[in-house]
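Structure, as structure tokens:
The values are calculated or read from the model by the stated rules, or taken from the named source; none is laboratory data. Since we're looking at a predicted model, the values are computed, not measured. For neighbour counting, all protein chains shown are included, and Cβ atoms are generated from backbone atoms with ideal geometry for every residue, glycine included. These area figures cover heavy atoms from the full protein model, side chains too; ligands, DNA and RNA do not enter into them. Shrake-Rupley method; radii C 1.70, N 1.55, O 1.52, S 1.80 Å.
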Amino acid sequence: MNKKTDGQTMTEKIFSAKAGRRVTTGEYLLLDVDVALANDITAPVAIKEFQKFGGREVFDPDRMVFVADHFTPNKDIQSAQQVKLVRDFSQAHGIKNFYDVGRMGIEHVLLPEQGLVKSGDLVVGADSHTCTYGALGAFSTGVGSTDLAGVMFTGKAWFKVPEAIRVELFGNFAPGVSGKDLILHLISLIGVDGANYRAIEFTGPGVAQVSMDSRFTVSNMAIEAGGKAGLFPVDQWTRAYEQERGIEVELMDADADAVYSQTIAIDLSGLEPVVARPYLPSNGEKISVLEKEEIAVDQVVIGSCTNGRMEDLRQAAAVLKGRKLAQGVRCIILPGSQEVSLQAMREGLVEIFINAGCAFSTPTCGPCLGGHMGILADGEVAVSTTNRNFVGRMGHAESSVYLASPMVAAASAVRGIICGPATLGIEQE
Amino acid sequence: MLREGRVFKFGDHVNTDEIIPARFLATSDPVELAKYCMEDSRPGFGQREDLEGSILVAGENFGCGSSREHAPISIKAAGIGCVVAKSFARIFLRNAINIGLPIVELARTDEIEEDEFLKIDFDSGELVNTTKERKYLINVYPDFLQQIIRHGGWLPFATANLTPARVLGQRSGHEA
């Protein structure tokens, strides 16, 4: 690498801090991780590998987090066995951060909310959406179950310091536009492998206009462009978020002269709601184009690790308040955690959803990956605030999924066709 | 290391939901996962009886999507000897190296077709399409990854070199 400056990206700063020396892009490192996460699909594989290779005690039980969220509440006997395996292992090895039904949330909503991950951390998770915590300015990336077993043996994982793409944000969102539209727009620009092997770093004056909940949504979907991570600076908003959890953090941003492989500028004020057509998250289309097609909708899903936080539910409720779902449309609300459920109840949002005709679920990943709790039939069309719309993702291989923001999803549920809230005469703040 | 076998050809962006759909993830048993390998891309593929030693060839971004290690596990357990693609999604690449599934990045996979035969020599860095009699040079892995590959995967390497004795119990280990 022929670096022209001394400036470092956020990625290089975090890896340098963890390595205890200045590191450069492309270097392979063996590093202690702060947190290693797995869920009820990926933890059993890691546990079996740990046992197969002779593991007796876990290197450091306190850095492990297991969340039973994918097929829970257990959808069948097999998934019950899987969760039992994780529960028993956690008990036997003193892993106190095992989150079972009743305590659990959807992992990527739960961990930041509970202060289990924080700014500047190095986090691996056996779940591709582990990149969500980049919203806090943590370097956080999805790995496999073997990597998790590796952390159980050594506390460490191997890394290649990635190059980074800079996304400079300017302006502010127009009413009815949020983080989901920003990330769907970005993925449509660079494609599903546009950031493969690389980190995406969001910078610029527009960052301050992106709420923490929207940042989580944006970072969550960095992987849908192949990104290894999706990082936001640690600014006053991050600091305030962390302080609510009793965590003090240092402000951090990339250096102005950091070297990036690519820079993309996005004016937030120029965005309109974006919807990704089947069968790739990169198939983003402006809502104004899709509205003309009057695409009929069978099911709407609002929530998930992408959009299951309070801002998301508030925005959906603002659209659904005093309205009813269109004839023949089902709508499932998936809060991201027990805290989110409780808060939604306190604010009267649950009542709004139920009065509109929605099902209000316990937290689960269920329908997002076609697991349970809302599978699509042959030929059905869903509008979903989740993160993937691959063939068969939410059910039958002949079903289709359009990815959208909570406001677009809620408006589509009311009208029964894919549309934005503006068509209901709603002026969103 | 040598791999030789018949080609099954796939396209770009083969995602983990096609490789092993979530409805089959309630188990982590490799034998079960093998039965549904590539199920949503080619129904019934995992049940074929001629997969042993075969080679999957694909386009860009093979293995994109979820982090499920079940995807490379199902491919390996189905008996497939190697995956050759123009590029791999990062987590799939990582998982394949970690579990010892050989993969090869080759830009010119468009020149390889279904049912052709390939011979891949990882030591000399040569891939031969024996049907078309075409030779290609393949990239050698960086030293760090070669260490892992030589040990047969990340856990054989990590438990032999980086794991404290207390973690391993009876077996001998070395303090990190």
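In table form, for the structure just shown:
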{"item": "Value of relative contact order over chain A, rounded to a whole percent, pairs C-alpha under 8 Å and six or more apart", "result": "17"}
{"item": "Portion, in percent, of the accessible area of the range A:164-270 that falls on carbon or sulfur, probe 1.4 Å", "result": "48"}
{"item": "Chain A: radius of gyration and largest Cα-Cα distance (Dmax), Å", "result": "20.7, 63"}
{"item": "Solvent accessible area, Å² - A:Trp237, 1.4 Å probe, full protein context", "result": "120"}
{"item": "Two-decimal ratio, the range A:164-270, of alpha-carbon radius of gyration to 2.2 N^0.38 Å", "result": "1.03"}
{"item": "For the range B:2-139, alpha-carbon Rg and Dmax in angstrom", "result": "13.7, 43"}
{"item": "Percent carbon-and-sulfur accessible area, the range A:275-424, ignoring ligands, DNA and RNA, probe 1.4 Å", "result": "51"}
{"item": "For the protein assembly as shown, calculated [θ]222 nm from helices alone, where every DSSP H run of n ≥ 4 adds -39500 (n - 2.57)", "result": "-8500 deg cm²/dmol"}
{"item": "Sites B:Val31 and B:Asp115, calculated FRET efficiency, Cβ-Cβ separation with R0 22 Å, nearest 0.05", "result": "0.25"}
{"item": "For the range B:75-176: relative contact order, % (alpha-carbon pairs under 8 angstrom, 6 or more apart)", "result": "19"}
{"item": "Cross-link reach list, lysines versus A:Lys286, counting only Cα pairs under 27 Å and skipping chain neighbours closer than eight places", "result": "A:Lys180, A:Lys228, A:Lys321, A:Lys324"}
{"item": "Alpha carbon Rg of the range A:275-424, scaled by the compact-globule rule 2.2 N^0.38 Å", "result": "0.93"}
{"item": "The range A:20-49 and the range A:235-249: distance between their alpha carbon centers, rounded to Å", "result": "25"}
{"item": "Between the range A:90-134 and the range B:93-129, the Cα center-to-center distance that results, in Å", "result": "36"}
{"item": "Within the protein assembly as shown, percent of DSSP bridges classed antiparallel, to nearest 5", "result": "30"}
{"item": "Which listed pairs, of A:Lys48/A:Lys160; A:Lys13/A:Lys160; A:Lys160/B:Lys86; B:Lys9/B:Lys132, have C-alpha distances above 18 Å, in listed order", "result": "A:Lys48/A:Lys160; A:Lys160/B:Lys86"}
{"item": "FRET E, pair A:Asp32, A:Glu294, Förster distance 51 Å, beta-carbon r, rounded to 0.05", "result": "0.40"}
{"item": "Per residue value of the accessible surface for the range B:2-139 (all protein chains in place, 1.4 Å probe), Å²", "result": "36"}
